[in-house]
Amino acid sequence: MKILVCISKSPDTTAKIAFTDNNTKFATDGVQWIINPYDEWYALVKAIEIKEKDPSAVIHLVTVGGADVEPVIRKALALGGDEAIRINADTPDSYYVACQIAETAKQGSYDLVLAGKETIDHNSASIGGMLAELLELPYVSLATKLELNGNTVLITREIEGGEESCEVNTPVVVSCQKGMAEARIPNMRGIMAARTKPLKVVEPVAADSFTGIVSFELPPAKAGVKLIPADNPAELVRVLHEEAKVI
Amino acid sequence: MSVLAFIDQSEGQVKKGAYEALSYAVKLASQLGTTAEAVVLGKLTDDIAALGKYGVKKIYHVADEQLNHLDAQVFADVIAQVARAAGAKIIVLSNNSDGKAIAPGLSVKLKAGLVSGAVALPDTGNGFTVKKSVFSGKAFAHVAIKTDIKIIALNPNSFSITEAGGGNAEVSAFAAAVNTPKVKVTAVNKVKGDVPLGEAEVVVSGGRGLKGPENWGMIEELAKLLGAATACSRPVADTHWRPHHEHVGQTGLAIAPNLYIAIGISGAIQHLAGVNRSKTIVVINKDPEAPFFKAADYGIVGDAFEVVPGIIEEVKKLKGVA
Ligand SMILES: Cc1cc2nc3c(=O)[nH]c(=O)nc-3n(C[C@H](O)[C@H](O)[C@H](O)COP(=O)(O)OP(=O)(O)OC[C@H]3O[C@@H](n4cnc5c(N)ncnc54)[C@H](O)[C@@H]3O)c2cc1C
Ligand SMILES: Nc1ncnc2c1ncn2[C@@H]1O[C@H](COP(=O)(O)O)[C@@H](O)[C@H]1O
């Protein structure tokens, strides 16, 4: 079983969201970068769980980004995984990134390609599906459970108002979310081991980008809370009905 | 050149996200001086021609049985065939669970730029730019699509469903080449009778302030009275007081209901990230310093166990329930 886990960096969940250069760039000053939570807690930890059951499994991590993502990918290696590949490129849009990962995925002929549900900065939820199409593989998105039975993968995925169970043979691309695995923290041994695990840097292939960010915008500030006395629930119900018109 | 909406259905019933995508496609078509068409896959029970009242004239139906359940790869392939035959230049889908599965593959197949998580009609004055939600609801980005064919995946609850006063639509059977799905759906488990959280217009949510799962009775009662879905904060789901699918926030579901009522939730930044697109936020918390009040429209500082039963009584009066 060869597994490829797609790892992206994202700003820490408490990072202040602000923009510079006339609202065209994310203000990265003072921002801490973390492994995108969906990639770490669900995709990567799931791969580690698979390897714990089947020690012959091989886990490769792939990330597209400049040298600045190396601390993040090292942290991922400290959690688990055998080696990492960094594709040394900018990330102009999802299609371009998916094309880069597809190239690496083709060369490694993986049985299972795991991505996060989405990145918490772009919220595109696109790269897994694009990658599957580029590799001409089936795609199961929003997986909350995954089990292996030989070459068959049993997956539960989220649907509106419930869940759906499905079966698919490897190779397959899966996007992962909560339920897949329990979050872990790296231990000392993992951190030491990560220092010597291979981190290969490869150059990008030529690819198009289909979209581009023109500018950012912050939502308008809230007008401020209107407090209602605790002993007057009737007033809350009145304002929700008459002023806000939401009930 | 036309705008094609994907009508997402489940077990024959059209999903809310599909009505939103359709309304969006119709508005966009009129903005561009063209027509909106739609495509629906699989077996239907809803009267699909009646969707004409939302302003769509023609609906392509691919009835193949293999399309009764989602296989993202097969769906993208069939929708691409319809889009090519219809000469569609823009395809609109809901960014719901199926849309997230299908849109990326469709984008690759059609070499069409995709904006997922759109929250408004595109700006077509100079190029083609779509506003989308980024940073987990903490900001928006304006994204230009540079390709000839364009795909927009519309965030649920971001665009209102509007009737456009048309008669029945023409439903035309479309003979697509359907590949055998590689993903075999073995079971569908839907919580019957409940409002799906992602589609809900009103959401009643509880946090650790409720002390334990045994206290959720009042949350469920209030939700039921309001026709609302129930949600919770992450620690509540992590400790299994409530099921995982109710977890909202940066690492849970992101929602945008008309009304979000947060009870006993502190309002951590990661929680707010998933709910701050709600149109109206009500916070009930006994701590006046709880950060959630800064993000709220209406607030009650008080003990949930005293305040919520009082609200339930008042809602009963409003709804005329004894
Ligand atoms: C990377 C990361 C991602 C995260 N993602 C998410 C996420 O997606 N969603 C999420 O929710 N959290 C997330 N969190 C966790 C988040 O930081 C908070 O810990 C969490 O939201 C707190 O949940 P809570 O408000 O229910 O509990 P608490 O913070 O413990 O708040 C309980 C509140 O209840 C109030 N209270 C107590 N008793 C009563 C009473 N009787 N009546 C009224 N009010 C009362 C208290 O005043 C308090 O404000 C994430 C954290 C990290 C680090
Ligand atoms: N730069 C990147 N390098 C590697 N994987 C990525 C990158 N960006 C996104 N991904 C993967 O694709 C998933 C979905 O990202 P997105 O489509 O950008 O929301 C993420 O959860 C990652 O698993």
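Only Cα pairs under 8 Å and 6+ residues apart enter the sum, and on that basis the relative contact order of the range B:95-229 stands at 19 percent. So what's the net charge close to B:V183: Lys and Arg +1, Asp and Glu -1, counting the other residues with Cβ under 12 Å from its Cβ? Summing Lys/Arg as +1 and Asp/Glu as -1 gives 0. Near B:T230: Cβ cut-off under 11 Å, other residues only, Lys/Arg at +1 and Asp/Glu at -1. The net charge is -2.
Averaged over B:150-162, how many beta carbons belonging to a partner chain fall within 10 Å of each residue's beta carbon?
On the way: counts 2, 3, 0, 3, 0, 1, 1, 0, 0, 0, 0, 0, 0.
The mean count of partner-chain Cβ atoms within 10 Å per residue comes to 1.
Between B:S107, B:S172, B:S278, which gets the highest mean-square fluctuation from a Gaussian network model of chain B, Cα cutoff 10 Å? For chain B, modelled as a Gaussian network with Cα springs under 10 Å, the answer is B:S172.
Dividing the alpha-carbon Rg of the range B:191-322 by 2.2 N^0.38 Å yields what?
Numbers: Rg = 13.4 Å, N = 132, 2.2 N^0.38 = 14.1 Å.
Here the Cα radius of gyration is 0.95 times the empirical estimate.
What does the structure give for B:297-304 when I average, per residue, the other chain Cβ atoms found within 10 Å of the residue Cβ?
On the way: counts 10, 10, 5, 9, 5, 5, 1, 0.
Mean shielding by partner chains, rounded to a whole number: 6.
Taking chain A as a Gaussian network, Cα atoms linked when under 10 Å apart, which of A:I155, A:I120, A:I228 shows the biggest mean-square fluctuation? Highest fluctuation of the listed residues: A:I228.
Heavy-atom accessible area for B:Y260, with the other protein chains in place and a 1.4 Å probe, reaches approximately 0 Å². Each other residue within a Cβ distance under 14 Å of A:S56 adds +1 if Lys or Arg and -1 if Asp or Glu, for a net charge of -1.
The GNM of chain A, with springs linking C-alpha atoms under 10 angstrom apart, assigns the highest mean-square fluctuation among A:E52, A:E83, A:E103 to A:E52. Here chain B has 50 percent of its accessible surface on carbon and sulfur atoms, given a 1.4 Å probe and all protein chains in place. Measuring with a 1.4 angstrom probe and ignoring ligands and nucleic acids, A:W33 comes out at about 80 Å² accessible.
From the mean inverse distance of alpha carbon pairs (Kirkwood) and the Cα radius of gyration, derive Rg over Rh for the protein assembly as shown.
Ratio of gyration radius to Kirkwood radius: 0.96.
At 1.4 Å probe size, what's the solvent-accessible area of B:I149? Round to the nearest 10 Å². B:I149 has an accessible surface of roughly 40 Å² with all protein chains in place. Solvent exposure of the range B:197-319 amounts to 37 Å² per residue of accessible area, where only protein heavy atoms count and the probe is 1.4 Å. With a 10 Å cut-off around each Cβ of B:4-12, the average count of Cβ atoms from other chains is 1.
Sorted largest first by accessible area at a 1.4 angstrom probe radius, with every protein chain in place, the residues A:V58, A:V45, A:V246 fall in the order A:V58, A:V246, A:V45. Ranking A:M180, B:M218 from most to least accessible surface, computed with a 1.4 Å probe over the protein chains only, gives B:M218, A:M180.
The values are calculated or read from the model by the stated rules, or taken from the named source; none is laboratory data. Since the structure is predicted, the reported quantities are computational estimates derived from the model, not experimental observations. With ideal geometry, Cβ positions are generated from the backbone for all residues, glycine too; neighbour counts draw on all protein chains shown. SASA here: full protein model, heavy atoms, side chains in, ligands and nucleic acids out. Shrake-Rupley method; radii C 1.70, N 1.55, O 1.52, S 1.80 Å.
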